Amino acid sequence: MNWRSLRIIGAVVVILIILGGGSGFLVWYISNAQQYNAPTRVYPLGQVPTPSSTRTTYTNKKYGYSFIYPSSWTLRISESQGVESVSALYQVNAGDSYPFQADCQANPRALDAQAFWQQENTNNSGLAPIGYQLLKNGEKAFVSVGHGQNSDTVYTLVHSNVVCELDEFGANIANTAIIEDIVNSFQWN
């Protein structure tokens, strides 16, 4: 065998190793991605799911609250800079639709809802204050609204040294009744 044959065989072996390793990684990635990100149901773009009468209660022990949401929706929980966000969403063909989000954090200065809202919105967030509203469950919330690309209603609630802002995203008007049910089910535990 001459040196050219050895170089060709070596190059073929290296290519086979790369292809085999890449294929193995791809199979592993797809199986793990499907395991953790598989939606329970996919809705056509622009169509709001009509939730069945089945509801699920989400309870947050860290901040001491709960709310009820459609069981067919998914929750995503994240935390950034001391604010924990719980997003309720449903899967559509072109991504996720996030019609509701609860952002909760510590309120060490024990500000009331309006004072907290004013502190957080000093840089003109595009939200206009409306005032206090009593939710159906008896909770008192400071309400603000915004009209940008999509309408946005934010309910600020305070309990002890915790504040939660419930955000109703108005990207699809058909969500309004569903989101208002979620907001009105919110309660401190």
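The values are calculated or read from the model by the stated rules, or taken from the named source; none is laboratory data. Given the structure is predicted, the values throughout are model-derived calculations rather than measurements. Using ideal geometry, Cβ is built from the backbone for each residue, glycine included, and neighbour counts are taken over all protein chains shown.
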Residue list for region 61-77, filter: more than 19 Å from Ala106 (Cβ to Cβ) and either part of a strand (DSSP E or B) or among the basic types (Lys, Arg) (or both)
Phe67, Ile68, Tyr69, Pro70, Thr74, Leu75, Arg76
Could you please give the count of residues in region 65-92 that are aromatic (Phe, Trp, Tyr) and free of Cβ contacts under 8 Å to residues at least 60 places away in the same chain?
2
Here is a check on your reading of the model: is Leu75 buried (at least 17 other Cβ atoms within 10 Å of the Cβ), under 21 Å from Asp152 (Cα atoms), in contact with a strand residue (DSSP E or B) (Cβ under 8 Å, 6 or more places away or on another chain) and at pLDDT 60 or above?
no
Name the one entry in Lys62, Lys140 that is under 20 Å from Asp181 (Cα atoms), among the charged types (D, E, K, R) and modelled with pLDDT of 90 or more.
Lys140
Take the conditions within 22 Å of Ser80 (Cα to Cα), among the small types (Gly, Ala, Ser), part of a strand (DSSP E or B) and at pLDDT below 90 and apply them to Ser97. Does it pass?
yes
